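What follows is a set of notes on a single structure, which appears directly below.
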Amino acid sequence: MSPEELNTLMQDCAKDAVVAAQQEFDIVLNNTPESVALVDDILLSFIDKYHDQALEDQAVFTICNIFGAYVGEIVKTQLGGEWVYDQTNPNAPTVFLKVSDNTYAFAGICYERLVNDSQISVNAYYQQALSNHKH
């Protein structure tokens, strides 16, 4: 996958997150830094609404990727950076946002909140990413 194709894919995924939030929960994600805080609630809302269905592999993959892309695109707007497709593990390829020397796994942090620990905050991870790059 070329960098251009990956960029387009992530932008499309971010748009899908906006549509999903609106259709599923009537929540407006407006691509602002402030809207990142809503992602934490949205992820848990999928479990409230769909229970175990939200935790099926394909659903988890989709939810985490689109909302990870959404947060990543906001960071990219603020800090720059580029999406990186990592196929080190062919069974679980991952996408990171690389900013300077740091990489951020936004889909991964969404996964942690959705599947493993509802106390993990996507917004806190996002804030940490921003603070890593303040001059």
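Of all the criteria given as (1) modelled with pLDDT of 95 or more; (2) open to solvent by less than 50 Å² (accessible area, probe 1.4 Å), the one not satisfied by Leu38 is (2).
Looking across Asn89, Asn102, one residue alone is touching a residue at least 24 places away in the same chain (Cβ under 8 Å) and open to solvent by 30 Å² or more (accessible area, probe 1.4 Å). It is Asn102.
Considering every residue within the stretch 1-22, establish whether at least one is among the basic types (Lys, Arg) and touching a residue at least 12 places away in the same chain (Cβ under 8 Å). No, the stretch 1-22 has no match at all.
Just one of the listed residues (Leu79, Leu130) is touching a His at 6+ places or on another chain (Cβ under 6 Å), farther than 16 Å from Asp41 by Cα and either touching a residue at least 12 places away in the same chain (Cβ under 8 Å) or among the aromatic types (Phe, Trp, Tyr) (or both), namely Leu79.
Looking at the structure I just gave you, is Gly80 within 27 Å of Ser131 (Cα to Cα), touching a strand residue (DSSP E or B) at 6+ places or on another chain (Cβ under 7 Å) and either of a type outside the set (Asp, Glu) or surrounded by 13 or more Cβ atoms within 10 Å (Cβ to Cβ) (or both)? Against the criterion (within 27 Å of Ser131 (Cα to Cα), touching a strand residue (DSSP E or B) at 6+ places or on another chain (Cβ under 7 Å) and either of a type outside the set (Asp, Glu) or surrounded by 13 or more Cβ atoms within 10 Å (Cβ to Cβ) (or both)), Gly80 qualifies. Say we look at the stretch 5-30 and pick out the residues that are more than 21 Å from Leu97 (Cβ to Cβ) and polar (S, T, N, Q); which of these is surrounded by the fewest Cβ atoms within 10 Å (Cβ to Cβ)? For the stretch 5-30, the residue satisfying everything is Gln23. Residues in the stretch 105-127 that are surrounded by fewer than 20 Cβ atoms within 10 Å (Cβ to Cβ) and touching a residue at least 60 places away in the same chain (Cβ under 8 Å): Val115, Ser118, Ser121, Asn123. Among the residues of the stretch 63-71, is any touching a residue at least 12 places away in the same chain (Cβ under 8 Å), open to solvent by 60 Å² or more (accessible area, probe 1.4 Å), of a type in the set (A, V, I, L, M, F, W, C) and more than 21 Å from Gln127 (Cβ to Cβ)? Within the stretch 63-71, none of the residues are touching a residue at least 12 places away in the same chain (Cβ under 8 Å), open to solvent by 60 Å² or more (accessible area, probe 1.4 Å), of a type in the set (A, V, I, L, M, F, W, C) and more than 21 Å from Gln127 (Cβ to Cβ).
The values are calculated or read from the model by the stated rules, or taken from the named source; none is laboratory data. Computed from a predicted structure; not experimentally measured. Every residue, glycine as well, gets a Cβ built from its backbone with ideal geometry; the counts of neighbours run over all protein chains shown. Quick note on the areas: whole protein, heavy atoms, side chains included, nothing else; ligands and nucleic acids left out. Shrake-Rupley method; radii C 1.70, N 1.55, O 1.52, S 1.80 Å.
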